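To start, the structure under review is shown below, and the notes come after it.
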Amino acid sequence: MYWNGHDMNGWGWFTMSIGTVLLWALLITVAVLLYRTLNRAPEPPRTPPAASAEQLLAERFARGEIDEEQYRRSLAVLRGDGPTLAKH
């Protein structure tokens with residue numbers, strides 16, 4: 001029945017027990033990793049950070065959409081240094 005004679009000695013039982021535990025540990029680990037991989041929520045798409053108001057104003061000035069006077073007035077308002085509009 002066994003290759004080493006009539007029965008299995010202590011080391012044979014020990015080796016078989018360790019092998020069985022390692023096999024089950026490997027199978028459980030593979031199953032858990034596979035489950036986690038397949039059930040992972042999709043990552044949200046990465047969007048570039050929104051430009052600040054000052055950056056948008058600087059871009060408009062650079063494109064020539066507004067002149068220097070309008071740029072400086074708008075920048076002062078954004079920073080809280082300039083005049084504010086009166087509420088009606």
Report the accessible area of residue 75, computed with a 1.4 Å probe over the heavy atoms of all protein chains in place, in Å² rounded to the nearest 10.
20
State whether segment 8-88 is rounded, prolate or oblate according to the following rule on the C-alpha gyration tensor (a ≥ b ≥ c being the square roots of its eigenvalues): a/c under 1.5 gives rounded; otherwise a/b larger than b/c gives prolate, and the remaining case gives oblate.
prolate
Which peptide among 40-47, 52-59, 29-36 comes first, and what is the full order, when sorted by highest mean count of other Cβ atoms within 10 Å?
52-59, 29-36, 40-47
Rounded to one decimal in nm, the spacing of the 7 Å Cα→Cβ label points at residue 29 and residue 78 is 5.5
For the residue pair residue 62 and residue 20, what label-to-label distance in nm results when each label sits 7 Å from Cα along the Cα-to-beta-carbon direction?
7.1
Obtain the nm distance between the two label points defined at residue 69 and residue 43 by a simple spin-label model: each point lies 7 Å from its Cα along the Cα-to-C-beta direction.
5.0
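The values are calculated or read from the model by the stated rules, or taken from the named source; none is laboratory data. Note that the coordinates shown come from a computational prediction; the quantities given were computed from them, not determined experimentally. Cβ: placed from backbone, ideal geometry, glycine included. Neighbour counts: every protein chain shown. All accessible areas refer to the heavy atoms of the entire protein, side chains included, with ligands and DNA or RNA removed. Shrake-Rupley method; radii C 1.70, N 1.55, O 1.52, S 1.80 Å.
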